[in-house]
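Enquirer: The structure follows.
The values are calculated or read from the model by the stated rules, or taken from the named source; none is laboratory data. Worth saying up front: this structure is predicted, and the values here are computed from it rather than measured. Cβ atoms come from the backbone with ideal geometry, glycine included; neighbour counts cover every protein chain shown. For accessibility, only protein heavy atoms count, side chains too; no ligands or nucleic acids. Shrake-Rupley method; radii C 1.70, N 1.55, O 1.52, S 1.80 Å.
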Amino acid sequence: MSAHLITGAGSGIGTAVADRLTTRGDTLWLLARDAGRAKELEGRFPGARTIVGDLATPEKLSWALSHQELPDRLDSLLHIAGVVELGAIGELTPRTWNAQLAANLVSPAELTRLLLPQLRAARGHVVFVNSGAGLRANPQWGAYAATKHGLKALADALRAEEHDSGVRVTSVYPGRTATPMQAKVHQQEGKAYDESRWIDPASVATTILAALDLPADAEVTDLSVRPGR
């Protein structure tokens, strides 16, 4: 039975991935930003374990995790949580930049650092759910794209560093996906939101599990997923 730690399991792609892993009987460890959210996740995914840690404050993650039970081995660490705030470079404040950098880049780096021993023990897999914005930057998307470009760099460096330990690293770059984040983006863009136009989170989950389930003699490094309709 494989063990997975997931961030962002409360909605969108994270929920879809957690559902699929639960259905096949794997063990889930779910990161929650606070105790209330942890209780919600435990109710949503019976049998899952929760760890409380706020991605908004990466400098506190080490202390938070040191006071909680952690898995001995991890077959995968799935970084799916993220935040977005659109705005022109000429208007974005340091607070907006720092909030996105903390949740989208620094916390994934810190969480990976803290859990590398468990990943090495299992010769596990780190998956970064990135974004199309991690490959190109469009107007109004500068801060978010910068965090996602940084996330790609983090994944590439980690892959090279951990190759000899048997830890695989995959970046997944979904296009627009029908999630609560996408609804927020449309609101910020002043556009009507029609979820039927975009990728179903379950389809992205399928690509993530395909990368996880690949035999150990191969590694999916980068995987782009675009809307098909």
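Enquirer: Only one of these is under 22 Å from L214 (Cα atoms), open to solvent by 20 Å² or more (accessible area, probe 1.4 Å) and in a helix (DSSP H, G or I): A146, A157. Name it.
Expert: On the way: A146 fails: under 22 Å from L214 (Cα atoms).
After ruling out the rest, the residue left standing is A157.
Enquirer: Out of (1) without any contact (Cβ under 8 Å) to a residue 60 or more places away in the chain; (2) open to solvent by 20 Å² or more (accessible area, probe 1.4 Å); (3) closer than 19 Å to L119 by Cα, what's the single condition that is false for L61?
Expert: Status for L61: all satisfied but (2).
Enquirer: Confirm whether I80 is touching a helix residue (DSSP H, G or I) at 6+ places or on another chain (Cβ under 8 Å) and open to solvent by 60 Å² or more (accessible area, probe 1.4 Å).
Expert: Working: touching a helix residue (DSSP H, G or I) at 6+ places or on another chain (Cβ under 8 Å): yes; open to solvent by 60 Å² or more (accessible area, probe 1.4 Å): no.
For I80, the condition - touching a helix residue (DSSP H, G or I) at 6+ places or on another chain (Cβ under 8 Å) and open to solvent by 60 Å² or more (accessible area, probe 1.4 Å) - is not met.
Enquirer: Still on this structure, I have one more. So which of P139, P117, P94 is more than 16 Å from V220 (Cβ to Cβ) and in contact (Cβ under 8 Å) with a residue 40 or more places away in the chain?
Expert: P139
Enquirer: Moving on. Look through segment 83-120, keep the residues that are closer than 16 Å to T57 by Cβ and in contact with a Phe, Trp or Tyr (Cβ under 7 Å, 6 or more places away or on another chain), and return whichever of them is surrounded by the most Cβ atoms within 10 Å (Cβ to Cβ).
Expert: Top of the filtered list is P108.
Enquirer: Filter segment 184-202 down to the residues that are assigned to a helix (DSSP H, G or I) and either open to solvent by 60 Å² or more (accessible area, probe 1.4 Å) or modelled with pLDDT under 65 (or both) and list them by number. Please lay out each step first, then the result.
Expert: Here is the first cut: in segment 184-202, the residues assigned to a helix (DSSP H, G or I) are 184-189, 195-197, 201-202.
Of everything in segment 184-202, those that are assigned to a helix (DSSP H, G or I) and either open to solvent by 60 Å² or more (accessible area, probe 1.4 Å) or modelled with pLDDT under 65 (or both) turn out to be K184, Q187, Q188, E195, S196, R197.
Enquirer: Here's a check for you: in segment 132-143, which residue that is open to solvent by less than 60 Å² (accessible area, probe 1.4 Å) and at pLDDT 95 or above is nearest to V172 (Cα to Cα)?
Expert: G134
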